[in-house]
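Enquirer: So that we are looking at the same thing, I have put the structure below in structure tokens.
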Amino acid sequence: MSTVDADTKDRMKVWSDRWRDGDIGFHDGVVNRMLVKHLTKLIPEGKANKVFFPLCGKTVDMSWLASQGYNVVGVDGVKKALEDFFTEQNIEYSVEDVLNNGKSFQLLKSKDGQIRLYCTDIFNFTHDVEGTFDAVWDKGSLVALNREDVSGYVENMKKLLSPNGRILLMIKEYDAALMKDVEWLNKPPPPYPMSEDEIKTLYGPECEVHLIQRDTCKVMGKEFKGAQAAVYNIIKK
């Protein structure tokens with residue numbers, strides 16, 4: 001097994017275990033208010049070829065956007081999360097095998113094809129699979145990744161964006177030292193803290209990065225001094 005394959009297996013195991021054990025405090029059962037509030041920043045004039053959800057889990061944001069007529073594409077490495085989405089949303093679906101660049105994975109698709117969820121490592125999902133996207137809603141993917149995977153993830157996101165395509169990105173900003181007493185495999189645990197300078201460095205110069213809003217927030221259900229949720233609008237030039 002190559003180092004890359006081993007890293008993929010390790011990433012998948014951590015999240016598969018959490019879904020199996022019901023350790024999914026990151027999942028919200030309601031539509032994200034920031035998505036609702038800033039939807040026109042993500043999809044100007046209500047026009048987008050399709051909306052991409054990286055590390056989608058079973059977020060209800062997907063069914064909300066689909067109900068408004070948008071085509072939705074999601075990716076997650078945990079099949080249970082995708083199955084739970086369709087079951088809990090009462091959406092009939094089928095399962096197909098997919099082969100891309102020598103990697104085999106599965107597509108869970110609604111009967112009308114409006115919602116297509118791919119079960120694979122996010123790094124296996126390239127523009128060869130679905131083409132490019134006008135809109136990406138990244139609610140917590142960037143801050144959930146292992147830090148060594150961040151730059152590769154961002155490069156893939158930029159390739160998945162259409163010209164003038166947009167990402168609505170939500171991150172957490174806080175002092176990592178505040179998490180020193182939290183028991184987890186990594187310190188700080190997901191969501192990892194990030195800064196505006198990091199976002200601009202990662203997405204520039206190919207993209208414009210605009211801060212939309214900052215609000216106080218909890219981290220892993222706890223209140224920490226200075227912790228903020230920041231929302232950015234990222235536009236590919």
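Enquirer: Whole-Hz Karplus ³J(HN,Hα) for the stretch 68-78, in order, using 6.51 cos²θ - 1.76 cosθ + 1.60 and θ = phi - 60°, x for Gly and Pro?
Expert: 9, x, 7, 7, 10, 10, x, 9, 8, x, 10
Enquirer: What is the antiparallel percent of DSSP beta bridges lying wholly in the stretch 70-144, to the nearest 5?
Expert: Rounded to the nearest five, the antiparallel share is 70 percent.
Enquirer: Mind checking the alpha-carbon convex hull of the stretch 33-106 and giving the volume per residue in Å³?
Expert: 111 Å³
Enquirer: Hey, could you get me the Stokes-Einstein D for the stretch 194-236, Kirkwood radius over alpha-carbon pairs, 20 °C and 1.002 mPa s, rounded to whole µm² s⁻¹?
Expert: Diffusion coefficient, whole number: 188 µm²/s.
Enquirer: How much of the DSSP bridge set in the stretch 79-237 is antiparallel, in percent, rounded to the nearest 5?
Expert: About 85 percent, rounded to the nearest 5.
Enquirer: Please work out whether the chain counts as rounded, prolate or oblate from its C-alpha gyration tensor, where a ≥ b ≥ c are the square roots of the eigenvalues and a/c under 1.5 means rounded, while otherwise a/b larger than b/c means prolate and anything else oblate?
Expert: rounded
Enquirer: Would you compute, from DSSP H runs of 4+ residues alone, the mean residue ellipticity of the chain at 222 nm, taking -39500 (n - 2.57) per run and dividing by the full residue count, rounded to the nearest 500?
Expert: Calculated at 222 nm, the ellipticity per residue is -8000 deg cm²/dmol.
Enquirer: Using protein chains only and a probe of 1.4 angstrom, how many square angstrom of Asp28 are accessible, to the nearest 10?
Expert: Accessible area of Asp28: about 70 Å².
Enquirer: For Thr59, what is the net charge nearby, where nearby means another residue's Cβ is under 12 Å from its Cβ and Lys, Arg count +1, Asp, Glu -1?
Expert: Net charge around Thr59: -4.
Enquirer: Hey, another quick one. Going by average Cβ neighbours within 10 Å, how do the peptides 82-89, 130-137, 101-108 rank, with the highest at the top?
Expert: Result, highest mean Cβ count within 10 Å first: 130-137, 82-89, 101-108.
Enquirer: Listed highest first by mean packing, meaning other Cβ atoms within 10 Å per residue, what order do 33-40, 72-79, 154-161 come in?
Expert: Averaged packing, sorted descending, gives the order 72-79, 154-161, 33-40.
Enquirer: So, one more: What are the ³J(HN,Hα) couplings of the stretch 203-209, residue after residue, when phi is run through the Karplus curve with 6.51, -1.76, 1.60 and θ = phi - 60°? Round to Hz, x for glycine and proline.
Expert: 9, x, x, 5, 10, 7, 10
The values are calculated or read from the model by the stated rules, or taken from the named source; none is laboratory data. Treat the numbers as computed from the prediction; the structure is a model and nothing was measured. Neighbour counts are summed over all protein chains in view; Cβ atoms, including those assigned to glycine, are modelled from backbone coordinates with ideal geometry. What goes into the accessible areas is simple: the full protein's heavy atoms, side chains included, and nothing from ligands, DNA or RNA. Shrake-Rupley method; radii C 1.70, N 1.55, O 1.52, S 1.80 Å.
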